[in-house]
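Trainee: I'd like to ask you about the structure that follows.
The values are calculated or read from the model by the stated rules, or taken from the named source; none is laboratory data. This structure is a prediction, so every number in the text was calculated from the model and none was measured. Every residue, glycine as well, gets a Cβ built from its backbone with ideal geometry; the counts of neighbours run over all protein chains shown. Ligands, DNA and RNA are stripped out before the accessible areas are found, and what is left, the full protein with its side chains, is counted by its heavy atoms. Shrake-Rupley method; radii C 1.70, N 1.55, O 1.52, S 1.80 Å.
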Amino acid sequence: MSDEKQQLEAIRDSFEKEFDRFSDALKDGFRGMKLSAAEKLAKELGEFRVKHTGKKSPISGAMKLIGRVAPEQRADFGKTVQSVRARIEGRIAETEDSLKSYIRSAKTKREAVDVTLPGRRVRSGHLHPMTLLRHKIEDIFVSMGYAIEDDREIETDHYNFDALNIPVGHPARESKDTFYTTGGFALRSQTSTVQIRAMERRGAPIKIIAPGRVFRRDTPDQTHTPVFHQIEGLCVDTDITMAHLKGTVSEWLRRMYGEETKTRFRPGYFPFTEPSAEFDFSCFKCSGTGEFEEAKCGTCRGSGWIELGGCGMVHPNVLEGCGIDHKVYSGFAFGFGLERMAALMYSLDDIRLMFENDVRFLRQFY
Ligand SMILES: [Zn+2]
């Protein structure tokens, strides 16, 4: 056998030997191979192809020898070179095709959608817990014949203080408590301003509630924020008495917290009402007993009562200031903070949660 033929056999043998590492996997159709392993193998196969069929491969070298072989052996040698080359290229191509199709089907399997699985829940937005609470309260008062009134948040001194019978020099007017803007305006420190404007506009009789944001210069902590929400109610008509006030507040709290809820009034003082009272209601957690699960109730701190807001009969000065004759009409007003109610209802120990807009917190109210 000529040297050239021996060389060719050596090329073929060395190819077959190296190809062994692919042939076992190929025989099984790569069954059970992980996608990542198959992709790695495909990369190795690419390098293997370059090594055995590229310009610098032994078989390409053998091709160049054809011209140098003696003329009578050239055709025979050429044929053998071609057949070895075809064998090498065929084996590699077959493996590549099979591996590619295996990778394709493995990917399809991985990305396949199982239509029998439950769908992913799409989270939609929802109302803020403060809004939900406000709506609940509004619904109760609307059903009792109250209209919902809204107005501006930046007010003059007149509406924020004078019209509410808060005299110059009263501590509430101090700039350490109130946000003053340039030009003598202030961010309203209570929603009573809405009542004044409504009485001026509509006169008596009138029955409104005014929910809204109010502003005070408080340093934020667990129970204070510089902006918070109030709801105030106002009822002015002929022959309105303290009994109507007590009946209205009691009925509202019963509808909020259940039929058994009791209400109590304690004497209080507000410049815009006379007489004035602060109102409490029996604790919804311990039903007014002060004890919950054999311990002191945390919601009412063991007292059985929860302090909620202020109220009273509208001061004659306030009625007169709005052009309503206090000898013909009388009225009551009440007000309370929404954050405090929300903190009690949802057992929050920090009302700042209501302002931080952390969805992990807000989602609980979905
Ligand atoms: Zn309690």
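Trainee: Can you give me the P(r) profile for the chain? Cα pairs, bins 20 angstrom wide beginning at 0, each as a whole percent.
Mentor: 21, 31, 9, 12, 16, 10, 1
Trainee: I would also like to ask the following. Which Cα, out of V168, L117, H135, lies furthest along the positive dipole direction of segment 101-185 (beta carbon charges, K/R +1, D/E -1)?
Mentor: Of the listed residues, the answer is L117.
Trainee: Tell me, in nm to one decimal, what length is gained between Q7 and E274 on full extension, where the rule is 0.36 nm per residue of separation less the Cα-Cα distance?
Mentor: Numbers: separation 267, 0.36 × 267 = 96.12 nm, distance 11.84 nm.
Difference between extended and current length: 84.3 nm.
Trainee: Which links in K34/K55; K5/K100; K79/K107; K34/K56; K34/K64; K27/K55 stretch past 31 Å when you go from one Cα to the other? Please list the in-between numbers first.
Mentor: Numbers: K34/K55 33 Å; K5/K100 35 Å; K79/K107 42 Å; K34/K56 33 Å; K34/K64 41 Å; K27/K55 29 Å.
In this structure, K34/K55; K5/K100; K79/K107; K34/K56; K34/K64 exceed 31 Å between Cα atoms.
Trainee: Once label points are set 7 Å from the Cα along Cα→Cβ at both E138 and H158, what is their separation, rounded to one decimal in nm?
Mentor: With each label placed 7 Å out from Cα toward Cβ, I get 2.9 nm.
Trainee: Enumerate the lysines that K285 could reach by cross-link, defined here as Cα to Cα under 30 Å, with residues fewer than 8 away along the same chain left out.
Mentor: Partners found: K136, K246, K262, K296.
Trainee: Starting from segment 245-292, pick out the GluC sites (Glu not before Pro) whose DSSP state is loop and whose Cβ has at most 12 other Cβ atoms within 10 Å.
Mentor: Numbers: sites: E251, E259, E260, E278, E291; in loops: E259, E260.
Counting only loop positions with at most 12 other Cβ atoms within 10 Å, the GluC sites (Glu not before Pro) in segment 245-292 are E259, E260.
Trainee: Can I ask one more? What is the antiparallel percent of DSSP beta bridges lying wholly in segment 144-251, to the nearest 5? Walk me through the numbers on the way to the answer.
Mentor: Numbers: 14 of 16 bridges.
The antiparallel proportion sits near 90 percent.
Trainee: Follow-up question, since we're still on this one. Heavy-atom accessible area per residue, the chain, 1.4 Å probe: how many Å²? It would help to have the intermediate numbers written out before the result.
Mentor: Details: 20860 Å² over 366 residues.
That works out to 57 Å² per residue.
Trainee: Then there is this: Loop-only check: which GluC sites (Glu not before Pro) in segment 97-183 are DSSP coil with at most 13 other Cβ within 10 angstrom?
Mentor: Taking segment 97-183 and a limit of 13 other Cβ atoms within 10 Å, the loop GluC sites (Glu not before Pro) found are E174.
Trainee: From the backbone phi of segment 137-143, what are the Karplus-calculated ³J(HN,Hα) couplings (6.51 cos²θ - 1.76 cosθ + 1.60, θ = phi - 60°) in whole Hz, Gly and Pro given as x?
Mentor: Those phi angles translate into 5, 4, 4, 5, 5, 4, 5 Hz.
Trainee: Report the full-extension gain for the segment T219 to D97: residue separation times 0.36 nm, less the Cα-Cα distance, to one decimal in nm.
Mentor: Once the chain is fully extended between T219 and D97, it gains 36.7 nm.
Trainee: Hey, another quick one. Would you please give the residues with an amide H less than 5 Å from that of C283, counting only those at least 5 places away or on a separate chain, with H modeled from the backbone geometry?
Mentor: The list, which skips near neighbours in sequence, is G288, W305, I306.
Trainee: Follow-up. May I ask you to derive the relative contact order of segment 129-365, considering only C-alpha pairs under 8 Å and at least 6 residues apart, and to give it as an integer percent?
Mentor: On the way: 444 pairs, mean separation 48.5, N = 237.
Once normalised by length, the contact order is 20 percent.
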